[in-house]
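Data block below; observations after.
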Amino acid sequence: MKILIAYHSDYGSTEKMAQAIAAGAQAAIPESMITLQQATDTTLEDLQQADVLVFGTPVHMGSMAWQMKKLVDSTSKLWMENLLEGKVGGVFATGGGLGGEGGGIEHTLISLHSHFLQHGMLTIGFPKSLPGYIDAGLQWGLAARTGSHEGMPQGVSDAALAAARSYGAHIARMAKQILSH
Ligand SMILES: Cc1cc2nc3c(=O)[nH]c(=O)nc-3n(C[C@H](O)[C@H](O)[C@H](O)COP(=O)(O)O)c2cc1C
């Protein structure tokens with residue numbers, strides 16, 4: 001099973017979450033072949049070759065970063081020919097969170113799911129029974145707050161990284177079940 005984790009990260013928080021998702025997936029399904037790469041380095045061929053696509057982005061002005069949107073938009077050629085249909089998806093985001101719940105992290109995750117569903121993919125949320133839900137889970141996927149109440153960047157917490165490992169393990173287990181049918 002080939003898992004591609006494609007993400008954008010300017011300051012490293014989203015990248016750390018991507019690495020923790022990879023570690024969780026690898027531990028859960030050791031035979032998985034996992035690739036981690038920046039969205040800007042990801043080609044249409046990379047997407048086609050993977051069985052599982054996990055996309056992650058920081059929240060930028062209430063939505064996904066343009067680097068991730070550029071990758072998303074580039075897939076229209078694959079959509080025309082149904083080339084991502086049946087693949088498994090997962091989504092994650094980090095946001096500064098100024099204003100309590102932050103501005104746009106749910107919208108960002110839902111947008112990524114919408115993209116995967118447009119391709120006919122089977123996309124995986126974060127069930128509340130999973131370890132870590134309370135720290136960085138939302139039904140939509142993995143969501144970590146990285147800013148303080150004063151709006152200063154704090155980075156990702158250890159609890160959020162544990163939630164990321166949990167989500168990575170869940171995606172890998174679910175994907176193995178789905179893809180074996
Ligand atoms: C241009 C820009 C816009 C941002 N807009 C938002 C926003 O709308 N909502 C939010 O919660 N955080 C926002 N943030 C904060 C980032 O989402 C947050 O710091 C994130 O964890 C950074 O991830 P990275 O370290 O992977 O780059 C913004 C940051 C930047 C640089």
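Flag: residue 104 matches the condition of being touching a residue at least 24 places away in the same chain (Cβ under 8 Å), surrounded by fewer than 24 Cβ atoms within 10 Å (Cβ to Cβ), on the phi > 0 side of the Ramachandran plot and not aliphatic (A, V, I, L, M). Residues in the range 71-83: is at least one touching a residue at least 60 places away in the same chain (Cβ under 8 Å) and in contact with a Ser or Thr (Cβ under 8 Å, 6 or more places away or on another chain)? Yes, the range 71-83 has at least one match. All of 178, 134 fail the test of being more than 24 Å from residue 50 (Cβ to Cβ) and either aliphatic (A, V, I, L, M) or touching a strand residue (DSSP E or B) at 6+ places or on another chain (Cβ under 8 Å) (or both), apart from 134.
You will find that of 94, 108, the residue that is touching a helix residue (DSSP H, G or I) at 6+ places or on another chain (Cβ under 6 Å), within 11 Å of the ligand (Cβ to nearest atom) and under 18 Å from residue 137 (Cα atoms) is 94 and no other.
For (1) under 22 Å from residue 174 (Cα atoms); (2) within 13 Å of the chain's Cα centre (by Cα), each residue gets a yes or a no:
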{"position": "3", "(1), (2)": "yes, yes"}
{"position": "11", "(1), (2)": "no, no"}
{"position": "36", "(1), (2)": "yes, yes"}
{"position": "39", "(1), (2)": "no, yes"}
{"position": "53", "(1), (2)": "yes, yes"}
{"position": "61", "(1), (2)": "no, no"}
{"position": "74", "(1), (2)": "no, no"}
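Filter the range 7-54 for residues that are buried (at least 24 other Cβ atoms within 10 Å of the Cβ), away from the ligand (no atom under 13 Å from the Cβ) and either in a strand (DSSP E or B) or on the phi > 0 side of the Ramachandran plot (or both) and give the result. Those that are buried (at least 24 other Cβ atoms within 10 Å of the Cβ), away from the ligand (no atom under 13 Å from the Cβ) and either in a strand (DSSP E or B) or on the phi > 0 side of the Ramachandran plot (or both): 52, 53, 54.
Checked against the criterion of being within 15 Å of the ligand (Cβ to nearest atom) and aromatic (Phe, Trp, Tyr), the candidates 79, 66 yield just one match: 66.
Being loosely packed, with under 14 Cβ neighbours inside 10 Å and either on the phi < 0 side of the Ramachandran plot or touching a residue at least 60 places away in the same chain (Cβ under 8 Å) (or both) is the filter here, so list the residues in the range 129-154 that pass it. The answer is 129, 134, 139, 148, 149, 150, 152, 153.
Just so you know, all these numbers are worked out from the coordinates, no wet-lab data involved. Quick caveat: nothing in here was measured; it's all calculated off a predicted structure. Backbone-built Cβ (ideal geometry, glycine too); neighbour counts: all protein chains shown.
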